[in-house]
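Chemist: A single structure is presented below for examination.
The values are calculated or read from the model by the stated rules, or taken from the named source; none is laboratory data. Please read all numbers here as calculations on a predicted model, not as lab measurements. Note: ideal-geometry Cβ built from the backbone for every residue, glycine included; neighbour counts use all protein chains shown. The protein model used for the area step is the full one, side chains on, heavy atoms only, and it has no ligands, DNA or RNA in it. Shrake-Rupley method; radii C 1.70, N 1.55, O 1.52, S 1.80 Å.
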Amino acid sequence: MFDETIISSDLVTLTLKDIALRLAVTLGVGFVIGLEREHAAIRDNEHHFAGVRTFTIVALLGFLSGIVSGFLGIWITFLCLAGLLVLAGVSYYVSSQRGDVGTTTEFTLITSFLLGLLTLLGYVLITLTVTVIILTLLSLKFEMKAIAGRITQEEIFAFLKFVVLAALILPFLPDRTIDPYNVFNPQEIMRVIILTSGLNFSGYLLIKFLGAEKGILLTGIVGGFVSSTIVTWTFSKRSRENPALSKNYSAAIFFASSIMPVRVILWIYIFNAALLARLVVPLILLISAGFVYALILMRNRHERIQEEEILPRNPLNLSEALKFGGLFILILYFVHFAILFLGSKGVLIASAISALSDVDAITISLAKISDPAMSVLTVSNGILLAVLSNTVVKIALALIYGSPELKKRVITGYGLIFLAGIAGFVIVNFI
């Protein structure tokens, strides 16, 4: 009975079960969006021409217009949409006469109509995703205004530079190797630069807008996504200036360092997802070791750390991303010739040396190796060795710049991380 076809037209074929499910979604979407708009009107002491009932009916109108259009022609849907546009235009004219020039409710009403139509056509997941996005945007009105008020001209320019890189330069670069060694792919190099600068920019924004309020936990975690090495260097120096906060700074360092293997997982997933099966457990051990020790240090901490302490001066830091791209190219050739002349030993040597400056570039390079003669085991060992090699650099920074108390905690914490790393090698090689 429920699988019996009830409606069959040029636009859609529906069983009774389809109609019931999609109609319920349509009504639910219209109801929750209308509820938010009505609540916002009461909260802001404003008058909105559409509330719960109107939004629900408009979503239902989109649903029904699709059914009717399947029999009479698509012009029915366009006619309903045109009428809705006229209604929204009249509403805007009336509200603008009162000095209210906002168009949020009007555009949301039109979107609700389209969501009803999409639901009828079977795009329920898209409907629900868009609904969540709309509700988030509507409910964060004051927060988004506050964020807009804090954005600087430099940050706007940084965003525009990122858009130019991603949308205007990347698509036009050749997506093939152009050197005699079959290594240099311009589009792939630019993709890495964009990913790196985007990660830095995202971390910058999170630190600026969330870091101070969330305290040391978020500062360390987000800082780790930007650069755990920078966090270690910065907080080690701060601990010498203010030894009483050494426990806070130590916790931030290990939160950041536990994020570094997360970045490694991200790069492996992007460039060689099949490699994750062998490395995910060892990397989770490394993450857990740093994170658990950081949580232990969080107990009885003194005060929060402000985001200005690790916030980079340059939001996008494109020059650093370009330097990373250059480093990535060098490491690509380094790994290529190391493998060519030294085989598997070359991978391990390249990993140990390259990761002294940066773990991301060597991780990407190893994940991209397509030489069938190079075993997955060798590549996995190389990535783990790179992670531990980079950890040595952070230990050195902490021991050089940190306070005596921070040095003790760093030795203890990284001792745990090294034990986790050794366990990871055992898992990769013998289990």
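Chemist: From the residues in segment 57-66 that are open to solvent by less than 30 Å² (accessible area, probe 1.4 Å) and modelled with pLDDT of 90 or more, which one is nearest to the chain's Cα centre (by Cα)?
Modeler: By that ranking, first place goes to Ala59.
Chemist: For segment 227-252, give me each residue that is polar (S, T, N, Q) and part of a helix (DSSP H, G or I).
Modeler: Matches in segment 227-252: Ser227, Ser228, Thr229, Thr232, Thr234, Ser236, Ser239, Ser246, Asn248, Ser250.
Chemist: Name every residue in segment 93-103 that is at pLDDT 75 or above and open to solvent by 80 Å² or more (accessible area, probe 1.4 Å), in order of residue number.
Modeler: If the condition is that a residue be at pLDDT 75 or above and open to solvent by 80 Å² or more (accessible area, probe 1.4 Å), then Tyr93 is the only one that fits.
Chemist: Out of Leu210, Leu217, Leu206, report the one residue that is modelled with pLDDT under 85 and either under 23 Å from Ile193 (Cβ atoms) or assigned to a loop (DSSP other than H, G, I, E, B) (or both).
Modeler: None of the others qualify; the one that does is Leu206.
Chemist: Let me ask you something else. Considering only segment 332-353, state which residues are open to solvent by less than 10 Å² (accessible area, probe 1.4 Å) and either at pLDDT 80 or above or under 18 Å from Val393 (Cα atoms) (or both).
Modeler: Ala350, Ser351
Chemist: Another question, if that's okay. Can you tell me which residue within segment 42-53, out of those that are crowded, with 16+ Cβ neighbours inside 10 Å and of a type in the set (A, V, I, L, M, F, W, C), is modelled with the lowest pLDDT?
Modeler: Across segment 42-53, the extreme among qualifying residues is Phe49.
Chemist: Here is a follow-up. Would you pick out the residues in segment 155-179 that are open to solvent by less than 60 Å² (accessible area, probe 1.4 Å), acidic (Asp, Glu) and part of a loop (DSSP other than H, G, I, E, B)?
Modeler: Asp179, the sole residue that qualifies.
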